[in-house]
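Below is one structure, written out as structure tokens, with a few remarks after it.
The values are calculated or read from the model by the stated rules, or taken from the named source; none is laboratory data. If you're wondering where the values come from, they're calculated on a predicted model, not measured in any experiment. Glycine gets a Cβ as well: all are built from the backbone with ideal geometry, and neighbour counts include every protein chain shown. SASA here: full protein model, heavy atoms, side chains in, ligands and nucleic acids out. Shrake-Rupley method; radii C 1.70, N 1.55, O 1.52, S 1.80 Å.
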Amino acid sequence: MPSAARPINCEPLKDLIREVPDFPKPGILFSDITTLPKEQVGFATLINALREHNRDKGVELVLGIEARGFIFGPAVAYRLNAGFVPLRKPGKLPAATAKFDYALEYVTNTWEIHKSAIHIAQRVLIFDALLATAGTAEATARLAHSLRTEMAGIGVYVDRDYQKVL
């Protein structure tokens, strides 16, 4: 049985994430996480914390959300001894796909995943970089549910106020 989610303090990492106001449109505060992995200690600290947070959840696959989930998702999957499967925008995958359409505060989008990438009842951890509205993670969870997976959790490494890893 998976353990209850416990926030992990990532206060020491918050200075490694650049905030860009009014991107991609006025009123949006964009969290640029590309500045974190260039710092060895920050990168290792984050991946180790995410592994500890998710190690008892029986994760078999990490589903990484394009594109920010591609940066840390494979490293988290490696540390959990799990596979990694990318969720892509339309037209990026060459084989048969399952898809899910969704809308967020400033964009509509579709996620696609290879139908052959996930097996029924596999335990999946959905992984993205940032929890803001939770719309992207919810859309991914609905797609995974439609493929009859078991949800191990939804992992992000920073919430909007940079207080914790979920």
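Going by what's in this entry, would Phe84 be described as outside any helix (DSSP H, G or I), in contact with a Pro (Cβ under 9 Å, 6 or more places away or on another chain) and open to solvent by less than 70 Å² (accessible area, probe 1.4 Å)?
Working: outside any helix (DSSP H, G or I): yes; in contact with a Pro (Cβ under 9 Å, 6 or more places away or on another chain): yes; open to solvent by less than 70 Å² (accessible area, probe 1.4 Å): yes.
In short, yes.
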Residues of the stretch 108-129 satisfying the condition of being open to solvent by 30 Å² or more (accessible area, probe 1.4 Å), more than 25 Å from Asp56 (Cβ to Cβ) and not charged (D, E, K, R) | Thr108, Asn109, His114, Ser116
May I ask you to list the residues in the stretch 67-77 that are touching a strand residue (DSSP E or B) at 6+ places or on another chain (Cβ under 8 Å) and open to solvent by 30 Å² or more (accessible area, probe 1.4 Å)?
-> Arg68, Phe70, Pro74
Please find, within the stretch 148-157, the residue that is nearest to Ile118 (Cα to Cα) out of those that are crowded, with 18+ Cβ neighbours inside 10 Å and out of contact with any Leu (no Cβ under 7 Å at 6 or more places or on another chain).
-> Thr149
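Residues being surrounded by 11 or more Cβ atoms within 10 Å (Cβ to Cβ) and not in a loop (DSSP other than H, G, I, E, B): count how many of those fall in the stretch 87-107. Write out each step before concluding.
Taking the stretch 87-107 first, the residues surrounded by 11 or more Cβ atoms within 10 Å (Cβ to Cβ) are 87-90, 92-93, 97-102, 104, 107.
Applying the additional criterion that residues be not in a loop (DSSP other than H, G, I, E, B) yields 87-88, 97-102.
Qualifying residue count, the stretch 87-107: 8.
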